[in-house]
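What follows is a single structure, written as structure tokens, with notes after it.
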Amino acid sequence: MSEAPQTIVVLENLVRKFLALLDPKDLGFDTLLRKVKDIAESNESRWLPKLPKMAIRERAFSIIVEVFKRHGASALDTPAFEMRDTLMGKYGEDSKLIYDLADQGGELCSLCYDLTVSFARYVAMNGLTSFKLYQIAKVYRRDNPSKGRYREFYQCDFDIAGQFEKMMPDFEVIKILTELLDELDIGDYEEKLNHRKLFDGMLAICGVPQEKFRTICSSIDKLDKQSFEQIKKEMVNEKGLSNEISDRIGTFVKWRGPPVELLSKLKQERSFLENKESSLALDELEIMFKALEKSKCIDRVVFDLSLARGLDYYTGVIFEAVFKGEAQEIRATETQVLVSILGDDSALAAELVGELWNAKVKAEFMIHKKVMKHIDRARDSRIPWMVLVGERELSEGVVKLKDVVAAIDYEIPSDKLVEDLCR
């Protein structure tokens, strides 16, 4: 019992010391402020709102949807979760990444791992037979966040279903991908392409037992992140393949090149023609490559035998786009003009920016006495034009129009502002 009063005294002393830190008259308060400021400044980029990224995302979505609609597609929206039984058994080794929702005594549900299963369920339930649909929505994965891997992210699907000429839907999807990446103007890229049946045929030719196709496919799917030696070690030590079979696989997965040339090379390989799966795939790819040639987008395509997908629902053509260029700056805003008031005249700012808004010009305004603050704002936001107004310009009835990129100024009558900017 004697320890209780002593404990209370210790707690009181700790509280007094803490309160002293919050007393502006105490030196401890200044120390605390400095530490908080240092922490805030060192982590400033972490706490800045991601508005530029959001603006870029919105612009990208707008371009993507425009291309989808050009090809006659309609929008689809499905729930963020599905019945657990519907999702299970569709993702092979990745099933462990599915987020299960808590069992609250009703139906067992899980968050969507991707949009494909929801799309298939929607089509089956509604009896749809011929259509083009697109969907852009968030999906969820119980993964360890790292570069390029997230627990929540957007996925974009474009789906074609129905009876069509052989390989024409596949051709159109590749064509759409090319249009999207060209219009997004991301820089240099290539579209890697393979066929699931060709890949399975390759595994059979190499001597992989059929029951190991999917698990070996999952290993080879990592070749864009790991060397073949690392993949070989996994296939031999963890998945039971012999060194001989692994080396045969290593020979084939190095084959890549222009689609028509590599297709011709594969057709000269007797083993691929004798295998039913790979022979069928080569015939289908020949049809698609001819269509891509005629549509003038085959130059972006690289036929790559290392491209693999471990998920069970891939049965035909598989492809992915790979960025090859360097990182480049992207405008995070569509603002065309920054109205810069060199002073504190908010009414003047409202008048000038109001004229621009009424003329459908994308504009922002800023009120500050220092001209470099305005210029820095325009440069940081990559706004191409500025309208600067100080005391002299105001007294003379003019405004200074500045080309931010060229660093050239023009003086024009203030009543001609909209006319000059809209020319």
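The values are calculated or read from the model by the stated rules, or taken from the named source; none is laboratory data. Just so you know, these numbers come straight off a predicted model, no measurement behind them. Methodologically, a virtual Cβ is constructed for each residue, glycine included, from the backbone with ideal geometry; neighbour enumeration extends over all protein chains shown.
Pick from segment 187-223 the residues that are under 24 Å from LEU266 (Cα atoms), free of Cβ contacts under 8 Å to residues at least 40 places away in the same chain and not polar (S, T, N, Q): which of them is surrounded by the fewest Cβ atoms within 10 Å (Cβ to Cβ)?
PRO209
Right, MET167: farther than 21 Å from ASP224 by Cα and surrounded by fewer than 17 Cβ atoms within 10 Å (Cβ to Cβ) or not?
no
Name the pairs whose Cβ atoms lie under 6 Å apart, with the first residue in segment 277-302 and touching a residue at least 40 places away in the same chain (Cβ under 8 Å) and assigned to a helix (DSSP H, G or I), the second surrounded by 17 or more Cβ atoms within 10 Å (Cβ to Cβ) and among the charged types (D, E, K, R), and 6 or more positions between them or separate chains?
Filtered contacts from segment 277-302: GLU277/LYS197; GLU277/ASP200; LEU280/LYS197; ALA281/LYS197; MET288/ASP170; ARG300/GLU191.
Here is a yes/no grid of residues against (1) touching a Ser or Thr at 6+ places or on another chain (Cβ under 8 Å); (2) under 13 Å from VAL337 (Cβ atoms); (3) free of Cβ contacts under 8 Å to residues at least 40 places away in the same chain:
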residue	(1), (2), (3)
GLY354	no, yes, yes
PHE365	yes, yes, yes
GLU391	no, no, no
LEU401	no, yes, yes
VAL405	no, no, yes
GLU419	no, no, yes
CYS422	no, yes, no
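Here's a check for you: in segment 143-163, which residue that is surrounded by 12 or more Cβ atoms within 10 Å (Cβ to Cβ) and part of a loop (DSSP other than H, G, I, E, B) is modelled with the highest pLDDT?
Looking at the filtered set, the residue picked out is ARG151.
Just one of TYR122, TYR99, TYR140 is at pLDDT below 85, aromatic (Phe, Trp, Tyr), out of contact with any His (no Cβ under 7 Å at 6 or more places or on another chain) and surrounded by 13 or more Cβ atoms within 10 Å (Cβ to Cβ); which is it?
TYR99
One line per residue, one yes/no per condition, for (1) of a type outside the set (Val, Ile, Thr); (2) touching a helix residue (DSSP H, G or I) at 6+ places or on another chain (Cβ under 8 Å):
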residue: PRO169; (1), (2): yes, no
residue: CYS206; (1), (2): yes, yes
residue: ILE216; (1), (2): no, yes
residue: ILE220; (1), (2): no, yes
residue: ASP224; (1), (2): yes, no
residue: PHE228; (1), (2): yes, yes
residue: ASN237; (1), (2): yes, no
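What tally of residues in segment 230-274 results from selecting those that are free of Cβ contacts under 8 Å to residues at least 24 places away in the same chain and β-branched (Val, Ile, Thr)?
3
For segment 189-207, how many residues are hydrophobic (A, V, I, L, M, F, W, C) and under 15 Å from ASP170 (Cα atoms)?
1
Within segment 128-137, take every residue that is surrounded by 14 or more Cβ atoms within 10 Å (Cβ to Cβ) and not aliphatic (A, V, I, L, M) and give me the one that is farthest from LEU177 (Cα to Cα).
Looking at the filtered set, the residue picked out is PHE131.
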